[in-house]
Amino acid sequence: MQKEEMEKSVKILAIESSCDETAAAVVENGRRVLSNIIYSQIDLHTLYGGVVPEIASRKHIEKVIPVVDKALKEASLTFSDIDAIAVTYGPGLVGPLLVGVSAAKAISLATGIPLVGVHHIEGHISANYIENPELEPPFACLVVSGGHSHLVVVKDYGEYEVIGKTRDDAAGEAFDKVARAIGLGYPGGPKIDKVSKEGDPNAVTFPRAKVGGSVYDFSFSGLKSAVLNYLNICEMKGEKWVQADIAASFQKAVVDVLVEHSMNAIDEYGFTKFAIAGGVASNSALRSAMEEACAKKHIAFYHPSPILCTDNAAMIGAAGYFEYRKGVRSSMDLNAIPNLKLGER
């Protein structure tokens, strides 16, 4: 790209609908958020104890155009001011993804604005650029959410190497399942985080799983099973257990593993910058433990605000900007890819 084009203010209209948030945002130059509208379906899916894809899809259809209109209005812009439309096309739930992709394609076709498909995990990583203008690759990033636990080397904007990932349950998935088992309900992450503050994290020693032959991969299925087994044993023996203690002990087991793997990667790769991203990155215990661990190693630590950790369109706009600058353009053949791997297009 010509220098004058790179310096030009680039405004991205972004759409995110990979799960149960219908979101739209306008982001300028990948770091300045002009608007960030999120319609959350949490209250609706709480009735069912988790996300129901068909219900989520129907709600996305209802809300996607209104949130786009609101995002433009809040930014005091019209489609004529927009340089590109960025949209999440994977990974995620196929129905919800299709709604966002279809809306973005329709707007692009009607207005002639270029379309840029964005990887959802790349969006989470890029959320760190919004509030940390000094952050630039290379750095390491831990992405932890309901569907993903990835340890990623960010080599450059849009260039990634996954060095560790979950072999079974993602961290956020384990939070949801344990929260349900101890009577907290959905969504599990925020509820466990809150109640853990009243519990003893050393009350019960739960396992910290290691994956043979892959020091950076994660496994949380065994930990989840250990919690369920502990509860069953208590029930059979007629012993009482304390909800806050179980929550705190489980949370500590997850945080210990995430921190240990991340610090090992920092040591091996020699990083001086480390970031976290994804819904679980808003967990107060994880943020505190990571900050302390990075401080001990004199590593710069970055994290988005909680609102930018959960699914939102501002992060998609940030990622979309850097893809747009690289010359990435998507055609009308763009489709939802629910199992899209990071680095694939």
Original post:
Scanning for something within 19 Å of the chain's Cα centre (by Cα), at pLDDT 95 or above and among the small types (Gly, Ala, Ser), does the stretch 111-119 turn up at least one residue?
Top reply: yes
**OP:** Scan the stretch 262-272 for residues that are part of a helix (DSSP H, G or I) and surrounded by fewer than 22 Cβ atoms within 10 Å (Cβ to Cβ) and jot them down.
**Re:** Met263, Asn264, Ala265, Ile266, Asp267, Glu268, Tyr269
Original post:
Gly317 is checked against (1) more than 29 Å from Gly270 (Cα to Cα); (2) part of a loop (DSSP other than H, G, I, E, B); (3) modelled with pLDDT of 95 or more; (4) not hydrophobic (A, V, I, L, M, F, W, C) and fails just one. What number does that condition carry?
Top reply: (2)
Subject >> Long-range neighbours under 7 Å by Cβ, at least six apart or interchain, first residue assigned by TED's automatic domain parsing to the domain that holds Leu142 and part of a helix (DSSP H, G or I) within the stretch 218-244, second among the acidic types (Asp, Glu) and surrounded by 14 or more Cβ atoms within 10 Å (Cβ to Cβ) >> reply: Ser221/Asp168; Ser221/Asp169; Lys224/Asp169
Original post:
Would a scan of the stretch 29-44 turn up a residue that is among the charged types (D, E, K, R), in contact (Cβ under 8 Å) with a residue 60 or more places away in the chain, under 16 Å from Val116 (Cβ atoms) and not in a helix (DSSP H, G or I)?
Top reply: no
**OP:** Give the residues of the stretch 273-297 that are hydrophobic (A, V, I, L, M, F, W, C), touching a Cys at 6+ places or on another chain (Cβ under 8 Å) and surrounded by fewer than 24 Cβ atoms within 10 Å (Cβ to Cβ), sorted by residue number.
**Re:** Phe274
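Given the options Leu77, Leu184, Leu72, name the one that is in contact (Cβ under 8 Å) with a residue 12 or more places away in the chain, more than 19 Å from the chain's Cα centre (by Cα) and assigned to a helix (DSSP H, G or I).
On the way: Leu77 fails: assigned to a helix (DSSP H, G or I); Leu184 fails: assigned to a helix (DSSP H, G or I).
Only one candidate qualifies: Leu72.
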Subject >> Answer residue from the stretch 318-345, given it is out of contact with any strand residue (DSSP E or B) (no Cβ under 9 Å at 6 or more places or on another chain) and of a type in the set (D, E, K, R) and is surrounded by the most Cβ atoms within 10 Å (Cβ to Cβ) among those >> reply: Arg325
Original post:
Mind checking which residues of the stretch 119-147 are in contact with a strand residue (DSSP E or B) (Cβ under 8 Å, 6 or more places away or on another chain) and free of Cβ contacts under 8 Å to residues at least 24 places away in the same chain?
Top reply: Pro137
Original post:
Yes or no: Ala179 touching a residue at least 40 places away in the same chain (Cβ under 8 Å) and more than 30 Å from Ile266 (Cα to Cα)?
Top reply: yes
**OP:** Among residues belonging to the stretch 93-134 that are touching an Asp or Glu at 6+ places or on another chain (Cβ under 9 Å) and surrounded by fewer than 24 Cβ atoms within 10 Å (Cβ to Cβ), point out the one that is farthest from Arg32 (Cα to Cα).
**Re:** Gly95
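For Leu109, are the conditions met, namely being in contact (Cβ under 8 Å) with a residue 60 or more places away in the chain, in a helix (DSSP H, G or I) and under 22 Å from Ser330 (Cβ atoms)? Steps first, please.
Numbers: in contact (Cβ under 8 Å) with a residue 60 or more places away in the chain: yes; in a helix (DSSP H, G or I): yes; under 22 Å from Ser330 (Cβ atoms): yes.
In short, yes.
Within the stretch 77-87, does at least one residue satisfy the condition of being modelled with pLDDT of 95 or more, among the polar types (S, T, N, Q) and either closer than 30 Å to His261 by Cα or in contact with a His (Cβ under 9 Å, 6 or more places away or on another chain) (or both)?
Taking every residue of the stretch 77-87 in turn, none turns out to be modelled with pLDDT of 95 or more, among the polar types (S, T, N, Q) and either closer than 30 Å to His261 by Cα or in contact with a His (Cβ under 9 Å, 6 or more places away or on another chain) (or both).
The values are calculated or read from the model by the stated rules, or taken from the named source; none is laboratory data. Note that the coordinates shown come from a computational prediction; the quantities given were computed from them, not determined experimentally. No Cβ is skipped: glycine too gets one built from the backbone with ideal geometry, and neighbour counts run over all protein chains shown.
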